[in-house]
Structures are given as structure tokens and as C-alpha cells.
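J.: Sending over a structure as C-alpha cells; questions will come in a sec.
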Amino acid sequence: MKAFSYPILKLTISLAMGIIASDYIELSLRALLGCIGLGLGTLLLTNYYCRTRKKILFWPSLVVLFVMGTLGLFSSKINAPEFSKSHYSHQIHSTNDDIHELEFIVQKRLKSNTYNHRYYVELIRIDSVSVSGVLLLNLSKELALDDFKINSRVLTSTFFQEIKGPLNPFQFDYKNYLKRHGIYHQISIRDEAVLVFEYPAKKIRARAEKIREYLIEQLQQQSFNPTESAIFKALLLGQRQDISSDIYEDYAKAGAIHILAISGLHVGIILLILQFLLKPLGYFRNGKFIQTVLILCVLWGFAIMAGLSPSVVRAVTMFSLFAIAKGLKRTTNPLNTLAVSAFILLVIRPGFCFDVGFQLSYAAVASIVIVKPILDSWWVVKNRIANGVLDLLKVSIAAQIGVLPLSLFYFHQFPGLFFLTNLIIIPCLILVLGFGILALVLLGIQKLPIILVEILGGIIQFMNGFVEWVASKESFLFEQISFDLKALLLSYLILFFGGIFYHKKSFKNLMIFGVAILSFQVFVRQLPSLIPKKTFIIFHQSKQSLIGFQTDQHLEIHHDLDTIEKNRTVIDFKIGAGIKTQTSDSIRRLYQVNNKLLLVVDSLGIYNLKSVNPNWILLRQSPKINLNRLIDSLQPELIIWDGSNYNSYQKRWKLTCKAKKIPFYQTSEKGSFSLYF
């Protein structure tokens, strides 16, 4: 493929690989600088040698890629928040129980959970020390703080809490997700004294939040119903917190979840609308320049209205380069322009490389650039309307090809009616974005006509109704697909070598393509079913108990839940472990686990069973027992308790086990208990 001959694309891929490698390679700054210096020195000497001897060598290109990869490692290290001397982590030397006086700025509102409103906050001060860094704040819903808004300055006293990692296998790692965003601790405010002050918006992002907050206040005064308002705020202001879980689930099942988060799709549509509306300027002198300036102003104005979130900044940066390239009439490959934008973003913010939105956006656009010309050569119609519909279908298929492996890896589902959804939803989205931007401008001057509100509300209602209809066709939704990192890498290798074979048909390329497909079949489809697996696991489940026995690709679950069908813990385990069949049963009193006998003591507190000498004890449902007496009576090797027990009981049992010097396992701290045999 000719596009891959562009140097910037190779450099960007090498930079990204270096950033990804920073998760697995620990090198000091001195070592990294030494590697970069050695690489650059080698290149200078090689260049001098080639010029004086008039020779051409191939291996210096590999050195360039090595230097770029090392630069990715270096960039990741120096851009890590804790690299800054002012980062708050350098001031925390005590236990989590120590109370600190904290001063911070409210940075971003997240979706609330059952008990708390949740925010990202930017630290200003710990006690008397000025610091920097971002924390996750859990603000109790019982506290009525009407003035607690974005960009407010808050003064309170609380303690730092570690963010827990996943407590069950294959569970979403929220701790690692926050770490990618430079967040390492959380704080909670329940009944503490809190002082909230108005804070002047000094930074661009803070001013953008002020503008968005004003627009949301104006929007709430319009005649949108709650659902329409929530979708409008998601599509144009980047606020998804108010979307109900039912609507969100319907969009996910219909394959339209991507439109609820402002991304490259939205900005690309806005760019196309602007290019169409401003096309007449191209006929005037300097019209192309004026057109490009206006497009950039509108794109970045939209980014400001959307709060300058990372996903919006990424998308606007990417399409700004496309607009500039077209405005300058440069004959450049779109994939090359895409690589330039990715390179700029990764140099500034290496953490983008791990962001799911970044990966999906660039995979989709790259796939459209590469695959759509192929589809254009296959399907051609002369009718303009039919050709427009066909073009939309081609773009949808091309984008889906690029993002499918990532979608399966992260979301483990595939909406079979995605092409039908996109044929209807994307035209609706074009209308919502076009009328919506106009509505935001008119909202800003408080001149929004009711007819525009009714038009937008009608389009959004139609979208929601269509999405609900598609989501109801559950037979076309393929869920709980096991797809791990190995499958992801092999899938993209298949696409890559398939593209090479399409453009250059040769026996060698055919063999490489065939080996990639065969590798996927062997390592992803066949090998996991041939490797014998036996696992006993006590899951961590709040207020309930879950015990599992895995035998190869079968899972037997023992539980006390009302229903097990939609339990997230079990679903995650089935997907991650590649489970094909499942059975359920109630929890028993005794279990034989390999050569160990497990006695389950529940709320009845019965443990004196004749002729039974258990090796392990499982405490569940807060049994009212004297643990000292149980230990003296049964002399177990290990005591386990799960998340179904009261916290006060768990604290007391921990002290007893430590006093008795007997091993214990607490799932709420250590996660699920597993035994492989």
C-alpha cells in the first residue's frame, strides 16, 4: 500500500509502540537519554559515511524507528503526573487515616452512582503545601450543596483513599483506567465541613466550562423533555451524565453508542457541513484562505462549547489538519495527514495512546481512508440519490471493519444491524448537529425560536424510537464474545496482510495472509478449547455469595441471588475465560476442592458436624458465631469470608485471626479467592 511509504506514518507507529512499551519497560531517564543519544550519534556517523563513500544502507531506517520508539518511552515518563515535583503524591507519606486540609478546584462532573455525586478535582493545596494533581471526589448525595459547581474552589478536611483494583477476574480495571488519566487517589466528603467559593476562570478549559454551564442553564429553560435534553447535551455539549441507563443500553445494542460521545464522527460531519456552506467563498480572491480560517474558528468554537474535553480536542485537531491541507491545496494522502495529527497529539499527550476513544477514532478514519476506495471500485451506481445512500453504506462498512477488533476487545459484542442503524442515524445526526450548533449560538444570545426547539426535539425523538426498535431485535445482537489481546493483534495482522495482498497479489503475500488467518484459527479458536482447565473460585459479591467451578469451558455457579442471568461478575468471567456452557445451583454446606474440604458457615452459624474435619472455612451472610471457639474446635488451615458479611463482623474476624495467628482471606480486600488444579 502506497500510503505506508510515507515516513511520518512509520514514525507515528514507532512512537505509539514506544508509548505502549512504557507500561512494560522500566528504564531511568539517564538510560533513555543515553539510548536516544546513541541512536542519533549512529545516524550522524552513518550519514557522514554514506555521503563520503556514496553508499546507500537500509539499516539506518531501523535506527530511526528505534530512536522514535525510545522517544515514546521518554515522553511517557516525563509526561507522567508524578514526574512533576509539585505533584501531591510526593507529599503523602502517612497512612490513609490521616486527615488533611485540602483545597481544590472542581474540574469535571462525572455520572453519579447510587450514593454519591462524582467529580474530578484539581488540587491546589494539601495543608500548607502548594501541590498539583487530580483526584476523584465522591460527594455524598445527602449533602445539599447548591453552589458546588464546575470551577468552584472548595476547602475541606478529609483523607486520601487508594482506588481499588478489580476484585474479580476479568472485571473492568477502573484503577488502571484512572491511572491512565493521571488519577491515583480518591477522596470522599460525607459529613465533613465544606466551604465552597466562586473561583475566577483563568485557564482556557475553565472558561470553556463556564460557557458550557451557561448554555446548559439556558437549555433547561427550553421546552425539551428530559430525554431530548439529555441527548442534545450529549451530542453538542459532551455531557452524557443525564442519559438514562435504558437509553444508553438501547444505543449500545443498536450499534449507535458511538454517537453519544463527541468524537471524530461529529467533528467530521461538522467539517463537511461547513465545507458545503462555505463553498461559494472559493470563487473569490483569497476565498480558500478565508474559508479555512472560518472553518477552524467554528471547529474550535465547537470544541470550546463542548468543554474542551480530550476526545473533542483530539477530533478537532485531527480534522483541523484535514481542513488546512485542503485549504492549502496540498496533494497529500489523507492517511499521511491522519498520521501527522496522531503524531502531534501523542507527543503532547502520550496517554492518549491508551484511550479507547483515541484508538476507535483513528482506527475508524484510517479504515475509511484505506477501505472505502476499494469498495468504490466494486460498487458504482449512476443515480445520485442511490449513490448517496450507497456512499453512506460504504463508509459505515469501512469504519466497522477498522473498529470491529477493538469493539470486540473492549465491549465483547457485535450489533448485526449496524449498517441499518447507521443509514438512519447518521443523516439524523447531521441534522441534529447542523440545527444544534445554530441553536447553541441562538441560546447564547437568548434568541432561540420555539420552532427550532420543536424540530430538534422531533429529530431526537425519531432517533430514540428507531434505536429502541433496532435494540428490540435481540436475535441480531451477538453478545458475550470472548476476544482477548491475542485475538486483537492477530485480527489486525489479518487486515494488514490482507490489504497488502489485495494491492500486490503474489504467492508470497498470499502465504503470509494465509498464515495470519491460520494463526487466528489455531491460537484463538482451537487452542483454548484443547487446554484443560479446572478452577474453583469464590467471587467477591456485595451482600451475596457466588461460588464457581470451571471445568474446561463449562462453568457451574452456586449462588443465593434471585437471578444469575444478568450478573455482571459472572458475565465478565464467562467472557474472559471463554465459557461456552453454564449451570446453576444453590450453595451447599460442604465442598470437596481438589484434596481440600471446605465447610460453609452461613447465617445459621452451624459448624459442629460429626465426622467432618474441614481444611477451609467459608463465612457468609454474617453468622453470629464465636470465631475463637470455632478455630479451637475445628483447627482449620484457612478462614475465608466474602462480601456478603457485615463490615463490622469482617473487622472483628480479622483481629481474631491475627491474634490466633491463623491465615485468613478477605475478598473485599484481596479480591476473589481462586484455586487452580
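None of the figures in this text is laboratory data; all of them are computed from the coordinates on show. All figures in this text were calculated on a predicted structure; none of them were measured in a lab. Quick reminder, even Gly has a Cβ in these numbers, built from the backbone with ideal geometry, and neighbours come from all protein chains shown.
J.: Using θ = phi - 60° and the Karplus curve 6.51 cos²θ - 1.76 cosθ + 1.60, what whole-Hz ³J(HN,Hα) does each residue of segment 537-548 get, with Gly and Pro shown as x?
T.: Result, ordered by residue: 9, 9, 6, 8, 9, 5, 6, 9, 10, 9, 10, x Hz.
J.: Just grab the label-to-label distance for V381 and N225, each label 7 Å out from Cα along the Cβ direction, in nm (one decimal).
T.: That separation, rounded to one decimal, is 3.4 nm.
J.: Still on this structure, I have one more. Looking only at Cα atoms, what is the convex hull volume of segment 534-676 per residue, in Å³?
T.: 109 Å³
J.: Order of D484, D562, D98 from fewest to most other C-beta atoms within 10 Å?
T.: So the residues, fewest neighbours to most, are D562, D98, D484.
J.: Per residue of the chain, what 222 nm ellipticity follows from adding -39500 (n - 2.57) for every DSSP H run with n ≥ 4, rounded to the nearest 500?
T.: Computed ellipticity for the chain at 222 nm equals -17000 deg cm²/dmol.
J.: Let me ask something additional. Let me know the shape class of segment 279-349, please: from the alpha-carbon gyration tensor, a ≥ b ≥ c as square roots of the eigenvalues, rounded when a/c is under 1.5, otherwise prolate if a/b is greater than b/c, or oblate.
T.: Note, shape of segment 279-349 comes out oblate.
J.: Give me the extension gain from K505 to A21: residue separation times 0.36 nm, minus the current Cα-Cα distance, reported in nm with one decimal.
T.: Here the answer is 170.9 nm.
J.: Say R0 is 60 Å: what FRET efficiency, to the nearest 0.05, do F496 and S188 get from their beta-carbon distance?
T.: 0.80
J.: Continuing with this model, one more query. Take every Cα-Cα distance within segment 299-452, group them into 5 Å bins from 0 onward, and report for each bin the whole-number percent of pairs it holds.
T.: 2, 8, 13, 16, 20, 18, 13, 7, 3, 0, 0
J.: Note the full-extension length gain between L110 and N647 as 0.36 nm times their separation in residues minus their Cα-Cα distance, in nm to one decimal.
T.: My answer for the length gained is 190.6 nm.
J.: Rounded to whole Å and sorted largest first, list the principal axis extents of the Cα atoms in segment 88-200.
T.: The Cα atoms of segment 88-200 stretch 43, 32, 25 Å along their principal axes.
J.: By the scheme Lys and Arg +1, Asp and Glu -1, what is the net charge of all other residues having a beta-carbon under 13 Å from that of L296?
T.: Its environment carries a net charge of +2.
J.: Also, I was wondering about something else. Quick check on the chain: of the DSSP beta bridges with both residues there, what percent are antiparallel, nearest 5%?
T.: Close to 70 percent.
J.: Using θ = phi - 60° and the Karplus curve 6.51 cos²θ - 1.76 cosθ + 1.60, what whole-Hz ³J(HN,Hα) does each residue of segment 210-222 get, with Gly and Pro shown as x?
T.: 4, 5, 5, 4, 5, 5, 5, 4, 5, 5, 5, 8, 8
J.: A further question on this structure: Determine the percent antiparallel among the DSSP beta bridges restricted to segment 534-676, to the nearest 5.
T.: 55 percent
J.: What fraction of the Cα pairs in the chain, stated in percent, has a spacing above 50 angstrom?
T.: Here the long-distance tail beyond 50 Å is 22 percent of all Cα pairs in the chain.
J.: Output the 0 to 90 degree angle, nearest 10, between the alpha-carbon long axis of helix 7-21 and the longest principal axis computed from the alpha carbons of the chain.
T.: 10 degrees
J.: Would you mind checking which residues have amide H under 5 Å from S112's amide H? H placed 1.01 Å from N; only 5 or more apart, or other chain.
T.: Amide H neighbours of S112: R118.
J.: Using modelled amide H (1.01 Å from N, peptide plane; none on Pro or chain starts), what sits under 5 Å from the amide H of Q107, excluding residues fewer than 5 places away?
T.: Counting only residues 5 or more places away or on other chains, the set is Y120, V121, E122, N151.
J.: Another question about this same structure. Sort T581, T563, T114 by Cβ crowding within 10 Å, fewest neighbours at the top.
T.: Placing the least packed residue first, the sequence is T114, T563, T581.
J.: Considering the zone a paramagnetic label at S61 would reach in this model (a point 7 Å from Cα along the Cα-to-Cβ line), which residues of segment 13-36 have amide N under 20 Å from it?
T.: Answer for this model: 13-18.
J.: Once you have the Kirkwood Rh of segment 485-530 from its Cα pairs, apply Stokes-Einstein at 20 °C and 1.002 mPa s and quote D in µm²/s.
T.: Rounded, D is 198 µm²/s.
J.: Using only the Cα atoms, what convex hull volume per residue in Å³ does segment 217-262 have?
T.: 63 Å³
J.: Multiply the residue separation of F289 and L143 by 0.36 nm, subtract the distance between their alpha-carbon atoms, and state the gained length in nm to one decimal.
T.: Residue separation times 0.36 nm, minus the Cα-Cα distance, leaves 47.2 nm.
J.: Kindly state, to the nearest 0.05, the FRET efficiency for E556 paired with R349, given R0 = 45 Å and r defined as their beta-carbon distance.
T.: 0.45
J.: Would you please give the residues with an amide H less than 5 Å from that of I662, counting only those at least 5 places away or on a separate chain, with H modeled from the backbone geometry?
T.: Long-range HN contacts for I662: none found.
J.: For N464 and L609, what does the FRET efficiency come to when R0 = 51 Å and r is the distance between their Cβ atoms, rounded to the nearest 0.05?
T.: Using R0 = 51 Å, I get an efficiency of 0.35.
J.: Let me know the shape class of segment 8-47, please: from the alpha-carbon gyration tensor, a ≥ b ≥ c as square roots of the eigenvalues, rounded when a/c is under 1.5, otherwise prolate if a/b is greater than b/c, or oblate.
T.: It is oblate, given that a/c is not under 1.5 and a/b is not larger than b/c.
J.: Right, next: Using θ = phi - 60° and the Karplus form 6.51 cos²θ - 1.76 cosθ + 1.60, what ³J(HN,Hα) does each residue of segment 232-240 get, whole Hz, x for Gly and Pro?
T.: Rounded to whole hertz, the list is 4, 5, 5, 6, 10, 10, x, 9, 9.
J.: What nm distance separates the two modelled labels at V515 and K661, each placed 7 Å from Cα along Cα→Cβ?
T.: Simple spin-label model gives 6.0 nm for this pair.
J.: Hey, for a label at K654 modelled as a point 7 Å past Cα toward Cβ, could you say which residues of segment 611-638 have their backbone N under 18 Å away?
T.: 619-623, 627-628
J.: Moving on. Suppose each label sits 7 Å from its Cα in the direction of the beta carbon; what would the R118-R588 distance come out to in nanometres?
T.: 3.8 nm
J.: Same structure again: Return one quarter of the surface area of the convex hull spanned by the alpha-carbon atoms of segment 441-581, equal to its mean projected area, in nm².
T.: The Cα convex hull of segment 441-581, projected and averaged over all directions, gives 16.5 nm².
J.: Using the 10 angstrom Cβ neighbour count as an exposure proxy, how do Y174, Y184, Y199 rank, fewest first?
T.: Lowest count first: Y174, Y199, Y184.
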